[in-house]
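This report concerns only the one structure given below.
The values are calculated or read from the model by the stated rules, or taken from the named source; none is laboratory data. Only a predicted model underlies this, so the values are computations on that prediction, with no experimental measurement involved. Cβ sites come from the backbone with ideal geometry, for glycine too, and all protein chains shown count toward neighbours.
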């Protein structure tokens, strides 16, 4: 069907098209006018995960991921939040709620569950794009009720999210409390084993005691080396004195008494030589001088022998000291070796105690944190803007409904006209006549009173070579 044919059909059946348009628009307008008025209020929540946690102090930077926002939207749409709104608004106690429930379900099920489902149908959760804000849109029959429901959902979500966190903290706290008791028992057992080991072995497990014994071993080794050197030195002096050279010993050379005796002996011998040239051997002065020289020589020999004996005695003492130090060193070496063995066994028990202590301390710290979380009543969401009663209804949009009905009526009228033309076809244009009869058109008579020239094809020629003949058509 060409456009000219369609317009001709439309001009012919305009009454049908107009009736369809008027009926459709009238029905839509009446339906929009009779539809109940509804109001939509919007409350906004800010989900701020970048805020530091009030318990742990940990801050997550950046915007929440789509998964986090989807989770929060799921919580907002959950039955738990809706039931909290039913309890918060005390909807089950309203007579109209019970009447609507009985009419809809004939008393089957429970009233709070049915009210919860009805609320979920009238709530729309809209996360704002590229933002941490989530909008709660509530629809109701009055502005005040829509704002009341939106705010109730927002507060119920805040309470439920806080309670979910507290419940999770209580579960974790219970787990860690039980684990803390188990670790405390293990720690006490490890401490008991270590104490019994130290008591039975008579040692104190620790690095300080072993280091002290090792230091003592080193001191004894140093003392032994010094004593052996001193014993070797005293032995040499003893052998030198045994060969009759005691007067050549350093002690003899440095002895003040020997020096005085030698000096007196030299003076006495000098005096004896002087007297020998002047007096006889039996002269009393000669006898006294020889007696003095003999006495001094005896004193010198006695003192020299004493120094030689002292060197021998010192050597004996040094050798005894060396033997004692060698025995003490061997005993200390055995003690250190034994202590290292015991310390190794004790260190294993000590590490068991330390590991048990660290595990217990870690669980205790986590238990304290979980206990704080179980009592924390603040989440990561806050009320950004409470819902206010809307000033205009959100539905029905009568102008939009009428406009859409008019557009639909135009489409339906066109379709109806085409269907009527298919059912009851008419010859309305010269093209339709030529198509229907499959013959060329000889001419077109002008309409009565017409003065408009019309081009008419010549009979018998092909369509592409038709000549136009002027005529008039009203």
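Checking the condition assigned to a helix (DSSP H, G or I) and at pLDDT 65 or above, which residue from 412, 442 passes?
Answer to the check: 412.
Report the residue count in the stretch 415-439 for those that are surrounded by 14 or more Cβ atoms within 10 Å (Cβ to Cβ) and either within 23 Å of residue 23 (Cα to Cα) or at pLDDT 80 or above (or both).
Residues that pass the stated criteria total 5.
Answer yes or no as to whether residue 404 is modelled with pLDDT of 80 or more, under 55 Å from the mean Cα position of the chain (by Cα) and within 26 Å of residue 20 (Cα to Cα).
Numbers: modelled with pLDDT of 80 or more: yes; under 55 Å from the mean Cα position of the chain (by Cα): yes; within 26 Å of residue 20 (Cα to Cα): yes.
Considered against the rule, which asks whether it is modelled with pLDDT of 80 or more, under 55 Å from the mean Cα position of the chain (by Cα) and within 26 Å of residue 20 (Cα to Cα), residue 404 comes out as yes.
Within the group 27, 41, 23, 19, which residue is within 29 Å of residue 126 (Cα to Cα) and either surrounded by 12 or more Cβ atoms within 10 Å (Cβ to Cβ) or at pLDDT 80 or above (or both)?
41
With farther than 14 Å from residue 292 by Cβ, modelled with pLDDT of 75 or more and in contact with a helix residue (DSSP H, G or I) (Cβ under 7 Å, 6 or more places away or on another chain) as the only criterion, which of 228, 269, 251, 264 stands out?
Every option except 228 fails the conditions.
Being assigned to a helix (DSSP H, G or I) and either in contact with a strand residue (DSSP E or B) (Cβ under 6 Å, 6 or more places away or on another chain) or at pLDDT below 80 (or both): is that true of residue 368 here?
So residue 368 does not fit the description; no.
Would you check if residue 162 is within 30 Å of residue 383 (Cα to Cα) and surrounded by fewer than 17 Cβ atoms within 10 Å (Cβ to Cβ)?
yes
Restrict the check to the stretch 299-310 and report whether at least one residue is at pLDDT 75 or above and more than 30 Å from residue 157 (Cβ to Cβ).
Restricting attention to the stretch 299-310, the residues satisfying the condition of being at pLDDT 75 or above are 299.
Those left that are additionally more than 30 Å from residue 157 (Cβ to Cβ): 299.
Checking the stretch 299-310: at least one residue is at pLDDT 75 or above and more than 30 Å from residue 157 (Cβ to Cβ).
Here is a check on your reading of the model: is residue 258 at pLDDT 80 or above and surrounded by 13 or more Cβ atoms within 10 Å (Cβ to Cβ)?
no
Conditions (1) surrounded by 19 or more Cβ atoms within 10 Å (Cβ to Cβ); (2) within 43 Å of the chain's Cα centre (by Cα); (3) closer than 27 Å to residue 370 by Cα, marked per residue:
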{"residue": "150", "(1), (2), (3)": "yes, yes, no"}
{"residue": "167", "(1), (2), (3)": "no, yes, yes"}
{"residue": "173", "(1), (2), (3)": "yes, yes, yes"}
{"residue": "181", "(1), (2), (3)": "no, yes, yes"}
{"residue": "189", "(1), (2), (3)": "no, yes, yes"}
{"residue": "201", "(1), (2), (3)": "no, no, no"}
{"residue": "214", "(1), (2), (3)": "no, no, no"}
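For residues that are at pLDDT 80 or above and under 60 Å from the mean Cα position of the chain (by Cα), scanning just the stretch 311-335, find the one that is farthest from residue 220 (Cα to Cα).
334
Looking at the structure I just gave you, is residue 146 in the same structural domain as residue 46 (by TED's automatic domain parsing), more than 35 Å from the chain's Cα centre (by Cα) and buried (at least 16 other Cβ atoms within 10 Å of the Cβ)?
Spelling it out, residue 146 is indeed in the same structural domain as residue 46 (by TED's automatic domain parsing), more than 35 Å from the chain's Cα centre (by Cα) and buried (at least 16 other Cβ atoms within 10 Å of the Cβ).
Only one of (1) modelled with pLDDT under 80; (2) surrounded by 18 or more Cβ atoms within 10 Å (Cβ to Cβ); (3) in a helix (DSSP H, G or I) fails for residue 205. Which number is that?
Here residue 205 meets the rest and fails (3).
When you scan the stretch 1-16, how many residues do you find that are surrounded by fewer than 18 Cβ atoms within 10 Å (Cβ to Cβ) and outside any helix (DSSP H, G or I)?
The qualifying residues number 2.
For residue 220, all conditions in the list (1) at pLDDT 85 or above; (2) farther than 16 Å from residue 365 by Cα hold save one; what is the number of the exception?
For residue 220, the failing item is (1).
Output the number of residues of the stretch 27-45 satisfying the condition of being assigned to a helix (DSSP H, G or I) and farther than 14 Å from residue 404 by Cβ.
The total comes to 3.
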